[in-house]
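Asker: Below you will find the structure I want to go over with you.
The values are calculated or read from the model by the stated rules, or taken from the named source; none is laboratory data. Here the structure is a predicted model, which is why all the values come from computation and not from measurement. Here the Cβ positions follow ideal geometry from the backbone for every residue, glycine too, while neighbour counts run over all protein chains shown.
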Amino acid sequence: MLVHALIKGNKKAFETVYIDYFDMLFHLALGFIGEHETAHGLVQDTFAKLWECRKELHIKTNLRNYLYTITKNACLNHLRQQEIILRNNRDYLIPEVRYRQEALQSFGDPYSELESLIEKVDEAIDRLPENVRTTFKLNRFESLSYQQIADKLELSPKTVEARISKALKILRKDLKDYLPAVQAVLGFLGL
């Protein structure tokens with residue numbers, strides 16, 4: 001429904017998409033580019049492109065994967081342009097640029113890669129103790145504040161805070177082997 005509203009030019013839908021996905025895309029771009037300003041600019045370009053081309057959107061999987069692909073391609077194009085500039089100046093190609101470009105190219109099919117990472121995050125969340133998982137999901141997926149969760153579950157806000165902290169600690173530990181690839185998903189979840 002959000003995509004349909006976006007296609008129709010609904011600015012509130014666009015703002016929602018921007019708020020929901022900016023951090024995830026920024027962390028993805030930062031992981032590949034390594035420069036805050038450049039990564040920020042590439043993600044801004046992603047959203048500008050989304051708005052400009054909204055009427056022609058044909059999303060085959062979901063909006064998250066679509067934005068991931070646009071951002072990944074923008075990063076790859078940026079790294080290619082850096083390489084061309086360095087070659088035209090007859091400088092030696094900075095090894096880090098080559099490394100980032102190869103890493104980005106070998107990242108695989110963006111849809112299956114991201115779906116696989118999301119599955120791993122979902123599985124890790126499902127392994128959380130039930131009370132911790134419930135609290136975490138209310139905060140991260142339903143965007144409830146600690147106070148709202150405390151009221152809903154009849155807990156103190158400090159208990160809610162402790163459970164969220166415990167969830168984050170467990171998730172970081174469970175997902176450490178998948179970093180930095182899972183960085184984008186963790187950024188989206190605010191971990």
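Asker: Of the residues that sit in region 47-72 and are among the β-branched types (Val, Ile, Thr) and assigned to a loop (DSSP other than H, G, I, E, B), which one is modelled with the highest pLDDT?
Answerer: Taking the candidates together, the pick is 59.
Asker: Looking only at region 8-47, count how many residues are closer than 26 Å to residue 76 by Cβ, touching a residue at least 24 places away in the same chain (Cβ under 8 Å) and more than 14 Å from the chain's Cα centre (by Cα).
Answerer: The number of residues fulfilling the criteria is 5.
Asker: Condition test on residue 75, is it at pLDDT 85 or above and surrounded by fewer than 18 Cβ atoms within 10 Å (Cβ to Cβ)?
Answerer: Against the criterion (at pLDDT 85 or above and surrounded by fewer than 18 Cβ atoms within 10 Å (Cβ to Cβ)), residue 75 does not qualify.
Asker: Another question, then. Can you find, within region 78-94, the residue that is modelled with the lowest pLDDT among those that are closer than 20 Å to residue 40 by Cβ and in contact with a helix residue (DSSP H, G or I) (Cβ under 9 Å, 6 or more places away or on another chain)?
Answerer: 82
Asker: Assess whether residue 151 counts as being modelled with pLDDT under 90, more than 30 Å from residue 77 (Cα to Cα) and assigned to a helix (DSSP H, G or I).
Answerer: It is false that residue 151 is modelled with pLDDT under 90, more than 30 Å from residue 77 (Cα to Cα) and assigned to a helix (DSSP H, G or I).
Asker: Look through region 48-66, keep the residues that are of a type outside the set (Phe, Trp, Tyr) and under 15 Å from the mean Cα position of the chain (by Cα), and return whichever of them is farthest from residue 79 (Cα to Cα).
Answerer: Step by step, filter region 48-66, then rank; the result is 62.
Asker: Return yes or no: is residue 13 assigned to a helix (DSSP H, G or I) and either among the charged types (D, E, K, R) or buried (at least 16 other Cβ atoms within 10 Å of the Cβ) (or both)?
Answerer: yes
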